[in-house]
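The values are calculated or read from the model by the stated rules, or taken from the named source; none is laboratory data. The model shown is predicted, which means the values in this text are computed figures rather than measured ones. Backbone-built Cβ (ideal geometry, glycine too); neighbour counts: all protein chains shown.
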Amino acid sequence: MIYVIAFFIAIIGIIITIKKFREGKISSPPFIFWIFVWSFLLLVSIFPKFTTILAKIFGIGRGLDIIIIIAILGCYYLLFKIYLMIEDLKTEISEIIHKLALNEGEDEDRDRD
């Protein structure tokens, strides 16, 4: 039963990802990442023994363990990407505030003259 639910979640995820990409709401790198994630979920839902084979290749005990490890690594990757985005936003905000402060200073100088 869980594989049927995973199958439909993967299909819905792929459709939504493609729709958002066509609308221009996500760029190419996130699009490729999410298509990979949804395709992996689709593959696992169709061929559940694939995770056991993958686990044996990497020397991990069970198929579920490899899924959990991949999920944790994926979460760390996303967390890192979000951190980088926040740092970029902080830099942009600082630059905008700096420019606004300089413009206000120039306006005050003009008003005095």
Of the residues PHE40, PHE31, only one is in contact with a Phe, Trp or Tyr (Cβ under 8 Å, 6 or more places away or on another chain) and on the phi < 0 side of the Ramachandran plot; which? PHE31
Collect the residues in region 16-47 that are without any contact (Cβ under 8 Å) to a residue 24 or more places away in the chain, aliphatic (A, V, I, L, M) and under 25 Å from MET1 (Cβ atoms), keeping them in residue-number order. ILE16, LEU43
Matching residues in region 25-58 - criterion: being β-branched (Val, Ile, Thr) and in a helix (DSSP H, G or I): ILE32, ILE35, VAL37, VAL44, ILE46, THR51, THR52, ILE53, ILE57
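For region 59-71, what are the residues that are part of a loop (DSSP other than H, G, I, E, B) and loosely packed, with under 13 Cβ neighbours inside 10 Å?
Hits for region 59-71 are GLY59, GLY61, ARG62.
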Neighbours by Cβ (under 8 Å, 6+ apart or cross-chain): first from region 48-75, under 15 Å from ILE2 (Cβ atoms); second surrounded by 10 or more Cβ atoms within 10 Å (Cβ to Cβ) and hydroxyl-bearing (Ser, Thr, Tyr): PRO48/TYR3; GLY63/THR51; GLY63/THR52; LEU64/THR51; ILE67/THR51
For LEU79, state whether it is closer than 19 Å to PHE36 by Cα, within 27 Å of the chain's Cα centre (by Cα), modelled with pLDDT of 90 or more and assigned to a helix (DSSP H, G or I). yes
Among residues of region 22-58, those that are of a type outside the set (A, V, I, L, M, F, W, C), surrounded by 11 or more Cβ atoms within 10 Å (Cβ to Cβ) and under 12 Å from the mean Cα position of the chain (by Cα), counted: 1
Does any residue in region 1-14 that is at negative phi and without any contact (Cβ under 8 Å) to a residue 60 or more places away in the chain come within less than 7 Å, Cβ to Cβ, of a residue that is part of a helix (DSSP H, G or I) and of a type in the set (Val, Ile, Thr) six or more places away or on a different chain, and which pairs are these? ALA6/VAL44; PHE7/ILE46; ILE14/ILE35
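Taking region 27-68 as the region of interest, how many residues are of a type outside the set (S, T, N, Q) and within 30 Å of MET85 (Cα to Cα)?
Result for region 27-68: 16.
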If we scan region 1-24, do we find a residue that is outside any helix (DSSP H, G or I) and modelled with pLDDT under 90? yes
